[in-house]
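The structure appears below as structure tokens.
The values are calculated or read from the model by the stated rules, or taken from the named source; none is laboratory data. All values reported here derive from a predicted model rather than from experimental measurement. Cβ coordinates were reconstructed from backbone atoms using ideal geometry, including for glycine residues, and neighbour counts include every protein chain displayed. In case anyone asks, the SASA skips ligands and DNA or RNA and just uses the protein heavy atoms, side chains included. Shrake-Rupley method; radii C 1.70, N 1.55, O 1.52, S 1.80 Å.
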Amino acid sequence: MRILLLQMPWGALDLPSLALGILRAVAERAGHQVEVRYANLEYADWAAERSGFGAADYTYFSDRSYFQGAGDWAFAGALHEAEDADPGEFLRFLAANGATGQETRLALATRAGAPEFTARLVESIAADPPDLVGFSSTFQQNAASLAAARLLRRLAPGVRTVLGGANCDGPQGAALHRNFPFLDFVVRGEGELAFPALLELLAADSPGFPGVPGLCWRDGEGRSHANPMAARPLPPSAIPAPRYDGFFERLDASVAARWVEPKLVLEGSRGCWWGAKHHCTFCGLNGSAMEFRSKRPEDFLHEVLSLTERHRLLDVYVVDNILDMGYFESVLRPLSELPVDLRLHFEIKANLRREQFQLLGEAGAVQVQPGIESLSSRVLRIMDKGVTGCQNVRALRDAQSAGVSVTWNHLYGFPGERPDDYHQVLRRLPALHHLDPPSGTGRIAIERFSPYFDRPELGFDLLRPAYQYRATYRLPEDELADLAYIFSAPPRGIDEGLAGLLTAAGDDWRAAFPVSRLDYRDGGERIVIANSRPGYDWRVLELTGPVELALFRLLDQPRSPATLAARLPGGAAAVEPLLRCWDGLGLLFHDGERWLQVAVESDNQVLMRVAHRHGEHEEYGEHGEHGRHGKPGRHGKPAEAVHAG
């Protein structure tokens with residue numbers, strides 16, 4: 001069979017499609033002729049030439065507007081026969097959710113052009129029709145895929161169509177198949193076995209497809225049937241390496257090559273080992289397949305090295321929802337010993353040890369996503385995250401010490417959270433301005449497959465599909481309830497006033513981060529700390545006293561004042577004044593009973609020389625809040641350099 005697999009807008013431009021790369025591999029293995037066509041790159045070229053469409057415009061649809069559904073709405077006009085009488089309602093919805101005037105005009109103009117692009121694409125397919133066209137839909141690719149499939153049925157009725165991907169998991173896939181009759185098949189769940197089984201039955205001209213797990217198909221009268229999904233997830237040995245041949249050459253020929261840096265995308269595991277034990281209350285990412293399973297370390301390592309060599313690329317995005325802890329020694333350690341300058345992205349759990357962050361950095365990890373979400377231990381307990389606020393701050397600190405950047409979002413809106421949970425954190429954020437700030441701050445959305453969706457007793461008992469689904473699909477509410485992934489609910493937790501303060505604090509953090517520094521070097525007999533955070537006027541602090549040296553080192557891990565007092569000479573009388581003073585200097589974070597020092601470890605020998613140059617400035621002793629000569633500067637913090645001991 002001749003098979004065409006399409007990557008539609010708004011798939012990422014810098015990455016090949018992992019799903020289509022895997023499906024290509026399994027179909028070619030079965031003897032079929034497969035082409036993967038990157039219609040998302042074709043769209044970028046077409047739109048750039050037509051209207052000056054640029055990288056930021058594409059990113060608005062592929063990324064920034066995901067929770068408002070602007071990308072799907074932009075192709076809804078191409079999907080339906082009749083245009084909306086009043087698109088203003090959706091544009092007002094975008095504006096109410098933060099879209100600028102330029103972005104609402106962009107959405108309207110993009111929607112107006114979508115039918116023309118869809119027609120150009122489908123006419124080119126129909127001119128030399130394959131036997132089957134497959135679409136993989138994730139995030140905002142549904143409407144573009146459906147629009148192309150609808151027009152293809154009109155122009156080339158003999159071509160079969162199949163839709164799969166994350167947007168087709170569980171009830172979503174069955175709803176798409178029921179409501180869009182131009183879709184011949186929908187694959188729900190993992191496709192590595194279902195897709196070749198479907199191809200085999202099609203090649204045999206089978207009249208029915210009841211034996212393919214998760215498949216939605218039509219009988220001779222056009223009625224939709226949804227086979228039960230597989231009872232067990234796919235074993236990792238059945239997940240082949242993807243085939244990406246042709247993508248990078250196509251990207252090189254596209255205008256998008258000037259917008260993005262290409263990356264490989266790979267996976268070592270599926271599911272979530274933490275979620276299998278404690279499902280985070282707001283997370284629906286693993287869909288119907290939570291069970292964690294990972295490839296053999298030697299297989300994954302071979303995949304990384306062979307594909308980077310084949311495609312001459314060193315940037316690798318690993319899409320696993322959580323890193324297999326066994327990979328530290330079996331994958332990361334061998335990578336760290338190779339003369340290869342990889343640049344890796346991983347998702348991890350935030351409670352890693354300092355040496356694990358160091359190994360990540362040595363193996364080539366330049367960015368990690370630890371799922372931090374909050375710095376309040378109480379809110380983290382509501383989420384069932386299994387970490388504390390101090391552990392999350394420690395992750396930010398230790399990752400930076402290892403030269404690894406952290407990506408995270410600050411979330412709020414959890415049932416049972418209290419204003420004081422956030423006021424306590426807000427007071428401490430200026431001390432963290434040298435650490436990676438949150439990419440954004442926002443109220444949680446209710447996702448299908450999350451505990452908040454499945455268990456109304458957790459606080460969200462009045463759910464309905466988010467507005468964008470009504471605006472895009474024009475289906476009855478009960479059908480949208482099966483098709484939707486994002487749901488709206490009455491807001492819970494803090495009010496919008498406090499949410500605004502939290503958002504503003506995140507903005508301040510991002511603004512201060514480029515000029516903020518708080519790092520230290522431990523020279524044995526003394527510790528030198530350098531500071532440039534805008535909220536604190538002092539510049540250099542030197543610790544030399546035995547109690548303060550020991551205390552600072554103990555605060556490398558979150559500890560309570562009682563534990564610190566029990567482990568240091570002088571007990572609480574020696575510890576408590578130092579905690580108060582260091583807290584005033586912005587050296588500490590505490591959440592509840594635990595305290596943590598927040599300075600980043602440095603190997604910069606210049607710090608020692610800087611300390612000597614500032615030695616004549618103010619001192620900070622062990623026996624009082626300002627020692628003998630310390631004078632409070634702005635906000636009660638000692639100004640300029642401080643010499644302690």
- Item | Cysteines (scope the chain) whose Cβ has no counterpart Cys Cβ under 4.7 Å | Cys168, Cys216, Cys272, Cys390, Cys581
- Query: Once amide H atoms are built 1.01 Å from N in the peptide plane, which residues 5 or more positions from Ile494, or in another chain, come under 5 Å H to H?
  - Reply: Gly413, Phe414
- In order through segment 190-207: 3J(HN,Hα) via Karplus (6.51 cos²θ - 1.76 cosθ + 1.60), integer Hz, x for Gly, Pro: 5, x, 4, 9, 5, 5, x, 5, 4, 4, 5, 5, 5, 5, 8, 6, 5, x
- What net charge do the residues around Gly386 carry, taking every other residue with its C-beta under 11 Å from that of Gly386, with Lys and Arg at +1 and Asp and Glu at -1? +3
- Message: Can you tell me which aspartates and glutamates have their Cα less than 15 Å from the Cα of Lys277? Leave out same-chain residues fewer than eight positions away.
- Response: Glu291, Asp324, Asp384
- Note on the structure: Per the rule of 0.36 nm per residue minus the C-alpha distance, extending Arg223 to Val515 adds in nm 98.8 nm
- Query: Considering the zone a paramagnetic label at Leu314 would reach in this model (a point 7 Å from Cα along the Cα-to-Cβ line), which residues of segment 327-348 have amide N under 13 Å from it?
  - Reply: 338-344
- Item | Selection from Ala76, Thr118, Ser532, by position along the positive dipole direction of the chain (Cβ) | Ser532
- Query: Based on the alpha-carbon gyration tensor of segment 89-206 and its eigenvalue square roots a ≥ b ≥ c, which shape applies: rounded if a/c is under 1.5, prolate if not and a/b is larger than b/c, or oblate?
  - Reply: oblate
- Query: Over the chain, what percent of the accessible surface lies on carbon and sulfur atoms, probe 1.4 Å?
  - Reply: 52
- Task: Mind listing the long-range amide H neighbours of Arg464? Cut-off is under 5 Å, sequence gap 5 or more, other chains count too, H placed in the peptide plane at 1.01 Å from N.
- Result: Ser488
- Interchain or long-range residues, amide H under 5 Å from Asp315's placed H: Leu264, Arg343
- Nearest-20 debye value, segment 43-183 charge dipole, Cβ charges on Lys, Arg, Asp, Glu: 220
- Given a cut-off of under 8 Å on Cα pairs at least six residues apart, what relative contact order in percent is computed for segment 407-521? 39
- Quick one: length gained pulling Leu554 to Asp128 fully straight, 0.36 nm per residue minus the C-alpha distance? 146.4 nm
- Query: Under a Cβ-Cβ cut-off of 12 Å, what is the net charge of the residues other than Leu41 that fall near it, where Lys and Arg count +1 and Asp and Glu count -1?
  - Reply: -3
- Message: Helix-only mean residue ellipticity at 222 nm, the chain, DSSP H runs n ≥ 4 weighted -39,500 (n - 2.57), per residue, nearest 500. What is it?
- Response: -11500 deg cm²/dmol
- How high is the relative contact order of the chain, in percent, counting Cα pairs under 8 Å that sit 6 or more residues apart? 10
- Net +/- balance of residues flanking Arg354 in space, Cβ distance below 10 Å, scoring K and R +1, D and E -1: -1
- Give the peptides 479-489, 570-580, 273-283 in descending order of average Cβ contacts within 10 Å, highest first. 479-489, 273-283, 570-580
- Karplus couplings for segment 264-274 from phi (6.51 cos²θ - 1.76 cosθ + 1.60, θ = phi - 60°), rounded to Hz, Gly and Pro as x? 7, 10, 9, 9, x, 8, 9, x, 8, 5, 6
- Item | Of all DSSP beta bridges in the chain, antiparallel share, percent nearest 5 | 40
- Message: Suppose the chain between Ala203 and Glu291 were pulled fully straight at 0.36 nm per residue; how much longer would it get relative to their current alpha carbon spacing?
- Response: 28.4 nm
- Query: What order, most packed first, do the peptides 503-512, 305-314 have when packing is the mean number of other Cβ atoms within 10 Å of each residue?
  - Reply: 503-512, 305-314
